[in-house]
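Q: Dropping the structure in here first, questions after.
The values are calculated or read from the model by the stated rules, or taken from the named source; none is laboratory data. Because the structure is predicted, anything quoted here is derived from the model rather than measured. Heads up, the Cβs are rebuilt from the backbone with ideal geometry, glycines too, and the neighbour counts pull from every protein chain shown.
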């Protein structure tokens, strides 16, 4: 499936049925399953310029067109949607209210990336499970992170820092983050590398550091990534073999 950079979507216009809602400002991703759960939209004059969350569940299909993402919503629906304070963590209670308001099924009900479904489109077509039982997980830790917030985090190998997190590549069908893009210019000028989030040992959110159980030498010898070319299956296979992992698409099957 096509992989897209989150930064390439910056300033994409979100188009509702009846008018443009606003521009892509940020993304919230789940740091357990490494999947984008919400697009943060900076609305325009029509919607008073506030920021709102839009789930990939709301996308029309096909959703993509040049510099636009199309959603099956009206501006009035978005205008009347529950308010959110982006300076605070998004609680499960707020997510439940949000999903109930739009009539979206809960993505956290099930064992898969999108509940019992493989992607947000399948979840959108599933029967709605509107119920106050969505609140039962309200006390659990919510693992939603801002892509803007984590950009610039230091990447640490077993032998010290190798660079910083520059961006993410995500699958535009499942919205799973497939790769972290690491800029190594402070250690190894002129090279950017791709790493699977599943190869991360741990993240220190307080210290803004991401730790790998990978040696610097192994990273230095990784297959060269060309940001001007699409990521091919051939390249992905070479990358996985280099780091000693099976390809994610076979593991998922």
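Q: For segment 102-115, which residues satisfy the criterion of being out of contact with any helix residue (DSSP H, G or I) (no Cβ under 6 Å at 6 or more places or on another chain), within 12 Å of residue 55 (Cα to Cα) and not in a loop (DSSP other than H, G, I, E, B)?
A: Within segment 102-115, just 102 meets the criteria.
Q: Next question, about the same structure. In segment 155-166, how many are within 19 Å of the chain's Cα centre (by Cα) and touching a residue at least 24 places away in the same chain (Cβ under 8 Å)?
A: The total comes to 3.
Q: Hey, another quick one. Would you point out the residue of segment 171-189, among those that are touching a helix residue (DSSP H, G or I) at 6+ places or on another chain (Cβ under 7 Å) and not in a strand (DSSP E or B), that is surrounded by the most Cβ atoms within 10 Å (Cβ to Cβ)?
A: Applying the filter and picking the extreme gives 175.
Q: Still on this structure, I have one more. Which of the residues that make up segment 172-231 are within 30 Å of residue 63 (Cα to Cα) and free of Cβ contacts under 8 Å to residues at least 12 places away in the same chain?
A: 226, 228, 229 - these are the residues of segment 172-231 that are within 30 Å of residue 63 (Cα to Cα) and free of Cβ contacts under 8 Å to residues at least 12 places away in the same chain.
Q: Separate question: Out of 93, 77, 33, report the one residue that is in contact (Cβ under 8 Å) with a residue 12 or more places away in the chain, assigned by TED's automatic domain parsing to the domain that holds residue 125 and not in a helix (DSSP H, G or I).
A: From the options 93, 77, 33, the qualifying one is 33.
Q: Please tell me if residue 107 is more than 22 Å from residue 10 (Cα to Cα) and within 18 Å of the chain's Cα centre (by Cα).
A: Taking the combined requirement at face value, the residue satisfies it.
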